[in-house]
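I have placed the structure first, in the form of structure tokens, so that the comments after it can refer back to it.
A short reminder: the numbers here are calculations on the coordinates, not readings from a lab. Bear in mind that the values here come from a model prediction, so they are computed numbers and not experimental data. No Cβ is skipped: glycine too gets one built from the backbone with ideal geometry, and neighbour counts run over all protein chains shown.
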Amino acid sequence: MTDDRSGQFYIDGGWCDPAGDALRIAVIDPATETQIGTIAAGSAADVDRAVAAALRAFDRWSISPVAERIALLERIAALMERRAEAFAQAIALEMGAAIGFARASQVPFAIAHVRAQIDVLRGYRFERPDTGFTLVKEAIGVCALITPWNWPLYQITAKVAPAIAAGCPVVLKPSEMSPYSALLFAEVVHDAGLPAGVFNLVNGSGEAVGAALSAHPDVAMISITGSTRAGVLVAQAAAVSVKRVVQELGGKSPNLFLDDADFATAIPRGVMAGMRNVGQSCSAPTRLLVPAARLDEVEALAAQAASEWRVGAPTDEATTMGPIANAAQYARVQAMIEAGLAEGARLICGGPGRPADLNRGYYVRPTIFSGVTRDMRIAREEIFGPVLCIMPYADDADAVTLANDTVYGLGAHVQSGDAARAQAVARRIRSGQVHINYPAWTAHAPFGGYKQSGNGREYGVHGFEEYLETKAILA
């Protein structure tokens, strides 16, 4: 487990020690609540070294042949595939993902982001003639990337792959709570032969490393995935140097079941969608909006679906739901469950505390509330755990109003037996993505939010273009 690298950073094409006497940050196994290692805590001086290395690499990398970038991305993808099991084991250890889920989703979806950027590069035109001018797309500059603990590898590749594809050197600050998959990724990048300075990694806290990157005058763009609070702080720090800011932040996504949906199929799949990754996904559809006349049916189907989750040790092959990833988030989820009870929501399964057979670890009981009203905290605040809210509506207009009654707008789902009706409803929902009848995921569909869910887009060509400037040459 890259213990030999845990006290180092990856800067300018090699591993190096911190600039000074760095503090150490404990890494906790959420399944046992025990310390499994430490990482070095970076400083502003470490950020300065990494940004300087990236800046030196920019002139050459920004005009590198597209074929060279494609070849490097192909080598990165191939190495990730060969080391997929090591990545899955690291993710299970550092943030508690069930090993089967890590193998089936966390790692393959991360590799898919690299493959998607290869596809983008193969067909992208960086220069395009237009009426009276030539449109030129150019790399924006050094990019700072701040990634979260809930999808640690997936969010790294969603940012690193398009940045280096666009010709931008990067400085990555992964979450200090799930650092091992990031260290493994740095080893992949090194072994793939990426030129010195194009990829740099500095571990540390948001208060130290994140703040230094946000305010750094030589960083042209910063991309953050995290809480809305963290996104606001980054944007405020970045405003002084007028850098581009891309934010993928919080969500409170609705799953709207129209009355013609196949409830026997759609409700269990909705529970699965809301609770996968232990509910720790910013776009998780945690508000189930259902016709009031079907409430009893929905409650029975949802409770049965929740009972089928197997909560346990992430390394157990039979486990389908591991622990919450860290102590602070566990406390948050427990507090929100208590808030739901205090405000009068009806508990139909789960509840406070751990499952009965688990006496340590940040394990949560899969929990569903019904009779939830729009003024309740559990209906309005992001919980980030396996806690779903069933909310009845009167008619389609009421359902759309309820879906949009949130400060967020990241993801949404619509279930219906009528494709045209579902499309019409989807167009009325204020959200960056709307999924109809649980479609297959794709790394090419743009992902990002309306309102307080953020600014900008990730994935595919839309994510790629966030790392480009637009120039018009008139002649």
FRET efficiency estimate (nearest 0.05) - Cβ-Cβ, D130 to A45, R0 45 angstrom: 0.50
Any idea how far apart W15 and S64 come out in nm if each label point goes 7 Å out from Cα toward Cβ? 2.2
Could you work out how much longer the chain between E85 and E343 gets when fully extended? Use 0.36 nm per residue separation minus the Cα distance between them, nm to one decimal. 88.5 nm
Rounded to the nearest whole number, the Stokes-Einstein translational diffusion coefficient of the stretch 141-276 at 25 °C and 0.890 mPa s (Kirkwood radius, C-alpha pairs) in µm²/s is 150
Where in the stretch 183-213 does the label zone of L23 land, with the point 7 angstrom along Cα→C-beta and an amide N cut-off under 15 Å? 203-212
With angles folded into 0 to 90 degrees, how steeply does helix 152-166 sit against the dominant principal axis of the chain? Use alpha carbons for both and round to 10. 40
For C282, C349, what ranking results if the residue with the fewest other Cβ atoms within 10 Å of its Cβ goes first? C349, C282
Between R430 and T373, what's the calculated FRET efficiency when r is the beta-carbon distance and R0 is 25 Å? Round to 0.05. 0.75
On a straight-distance basis, which lysines could pair with K173 in a cross-link, Cα separation under 16 angstrom, same-chain partners fewer than 8 positions away excluded? K159
Taking the beta-carbon count within 10 Å as an exposure proxy, list L388, L249 from fewest neighbours to most. L249, L388
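Which of rounded, prolate or oblate describes the stretch 398-455 when judged by the alpha-carbon gyration tensor and an a/c cut-off of 1.5?
Working: a/c = 2.52, a/b = 1.13, b/c = 2.23.
Because a/c hits 1.5 or more and a/b fails to exceed b/c, the stretch 398-455 counts as oblate.
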Among 450-459, 237-246, how do they line up from the highest to the lowest mean number of other beta-carbon atoms within 10 Å? 450-459, 237-246
log₁₀ I(q)/I(0) of the stretch 253-442 at q = 0.17, 0.19 Å⁻¹, via Debye over equal Cα point scatterers, no solvent, to two decimals? -1.06, -1.32
Cα centroid of the stretch 181-224 to Cα centroid of the stretch 128-177, whole Å: 11
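Just want the ordering: L23, L194, from fewest to most Cβ atoms lying within 10 Å of their own Cβ.
Details: L23 15, L194 23.
Sorted ascending by nearby Cβ count, the order is L23, L194.
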To the nearest 0.05, how large is the calculated FRET efficiency for L474 and Q236 if R₀ is 30 Å and r is the Cβ-Cβ distance? 0.25
Just need log10 I(q)/I(0) for the chain at q = 0.07 Å⁻¹, Debye formula, equal scatterers on the alpha-carbon atoms, no solvent, rounded to two decimals. -0.36
Straight-line reach only, C-alpha to C-alpha below 17 angstrom: list the lysines that K252 could link to, leaving out same-chain residues fewer than 8 apart. K451
